[in-house]
Amino acid sequence: MNTEQDKIDERLRRQIDFLIEIDKVKSVFRQTRIFHNKREENDAEHGWHMSLMALILSEYSNEKIDVSKVVKMALIHDLVEIDAGDTYLYKENQEDKREKETKCAERIFGLLPDDQRDEFLELWKEFEDKKSAEAKFAGSMDRIGPLMQNALDNGHAWKKHNVTSDKVLKVNKQIENGSEKIWEFARALIEGAVKKGDLKER
C-alpha cells in the first residue's frame, strides 16, 4: 500500500524523468542561424527567444492575451521535435508532420504526472490549431524570429534552399492573425531582403 511519501516520490520521479528527456531539445538544430554567430540555432534557443519576444512584444497582439500562457506555448511547442526532428518551414510536403509530432507529444508529455500531461498536451494542441488569441500570437512569435534571422543573415537559409519571396510571404502571413503590427514589420523585412538581393523575387 502506497504512503503519501510514495506518491510524492513517484510524482517527482516522473517530473525529473521529463526534465531529463527534454534536455535532448538542445541537440535539435534548425535551418536558421543565430543573430551574432554563423551557427545554426537549436530548438531550446528558439523557444527561449520566442518566450522573450512574447513578453516584450505582447502589447502588439491583435487581441487581449494571457502572456504567461503564450510563454508556456513557446517553451513547449518544439519539444515534439525531439522525436520528429525539425521540419524546414518552407518544405513543400509537410503532410506527415502533424502525425509524427502528435505521436511525440503523447510520448514526451506522457512522462509527466497525469494532470501536467493533460495540461501540456492540450496547450500544445491549442498552439498547433492557432484558434485562440494566445495561439495566434504565439504563432506570430514563432514566425517572426526566423524571419529576422534570415533578414539579418543576408538570406542565408533562403538562398540555401532556393526560397522565393512569394513563398516567404505566404508561409509567414499567419503573423497577421496574431499581430497586424508585427506583420507590417515582417513585410518590411521581406521587401528589404528582396531589394538587397538576399531573397529572390517571384
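Throughout, read-outs are computed from the coordinates displayed, never taken from laboratory work. Quick caveat: nothing in here was measured; it's all calculated off a predicted structure. Ideal geometry is used to build each Cβ from the backbone, glycine not excepted, and the neighbour counts take in all protein chains shown.
Identify the residues of region 103-124 with backbone N under 12 Å of a label point that sits 7 angstrom from the Cα of R11 along the Cα-to-Cβ direction, or state none.
113-116
Mind jotting down a quarter of the surface of the convex hull over the alpha carbons of the chain, in square nanometres, one decimal?
Working: hull surface 49.4 nm².
Taking the Cα atoms of the chain, their convex hull projects to 12.4 nm² on average.
Taking only C-alpha pairs under 8 Å that are 6+ residues apart, what is the relative contact order of region 81-140 in percent? Don't jump to the answer; show the numbers that get you there.
Numbers: 32 pairs, mean separation 12.1, N = 60.
The normalised contact order for region 81-140 reaches 20 percent.
Would you list L199, L189 from fewest to most Cβ contacts within 10 Å? Walk me through the numbers on the way to the answer.
Numbers: L199 24, L189 18.
Placing the least packed residue first, the sequence is L189, L199.
Quick one: net charge around L123, please, counting Lys, Arg +1 and Asp, Glu -1 for every other residue with C-beta under 12 Å from its C-beta. Could the numbers behind the result be given before it?
Details: positive: K69, K72, R117, K125; negative: D66, D118, E119, E122, E126, E128, D129, E134.
Net charge around L123: -4.
Can you work out the PRE-style zone for K159? Point 7 Å along Cα to Cβ, and I want the residues of region 25-49 with backbone N under 15 Å.
Correct set: 32-33, 38-39.
From the Cα trace of region 52-154, what convex hull volume per residue do you get, rounded to a whole Å³? It would help to have the intermediate numbers written out before the result.
Details: hull volume 11.9 nm³, N = 103.
Here the figure is 116 Å³ per residue.
Over region 80-202, what relative contact order in percent results from Cα pairs under 8 Å that are six or more residues apart?
23 percent
Tell me the angle of helix 43-57 to the major Cα principal axis of the chain, expressed in degrees between 0 and 90 and rounded to the nearest ten.
70 degrees
Give the long-range amide H neighbours of T32: residues separated by 5 or more places, or on another chain, with amide H under 5 Å away, using H modelled in the peptide plane at 1.01 Å from N.
E41
Using alpha carbons only, how many degrees (0 to 90, rounded to 10) separate the axis of helix 4-21 from the longest principal axis of the chain?
Rounded to the nearest ten degrees, it is 30.
Karplus couplings for region 104-112 from phi (6.51 cos²θ - 1.76 cosθ + 1.60, θ = phi - 60°), rounded to Hz, Gly and Pro as x?
Per residue, the Karplus-derived 3J(HN,Hα) values read 5, 4, 5, 6, 4, 6, x, 6, 7 Hz.
Please state the shape class of region 82-132: rounded when a/c is under 1.5, otherwise prolate if a/b exceeds b/c and oblate if not, all from the C-alpha gyration tensor.
Numbers: a/c = 3.11, a/b = 1.63, b/c = 1.90.
Oblate, since a/c reaches 1.5 and b/c is not below a/b.
Two decimals is fine: what's Rg over Rh for region 61-111, C-alpha atoms, Kirkwood radius as Rh? Write down the numbers at each step before the final one.
Numbers: Rg = 13.3 Å, Rh = 12.5 Å.
Reported Rg/Rh, Kirkwood definition of Rh: 1.06.
Could you work out how far helix 133-152 tilts from the main Cα principal axis of the chain, as a 0 to 90 degree angle to the nearest 10?
For 133-152 against the chain, the angle is about 50 degrees.
Given 25 °C and 0.890 mPa s, how large is the Stokes-Einstein diffusion coefficient of region 125-195 in µm²/s, with Rh as the Kirkwood radius over Cα pairs?
Details: Rh = 12.4 Å.
Estimated diffusion coefficient is 198 µm²/s.
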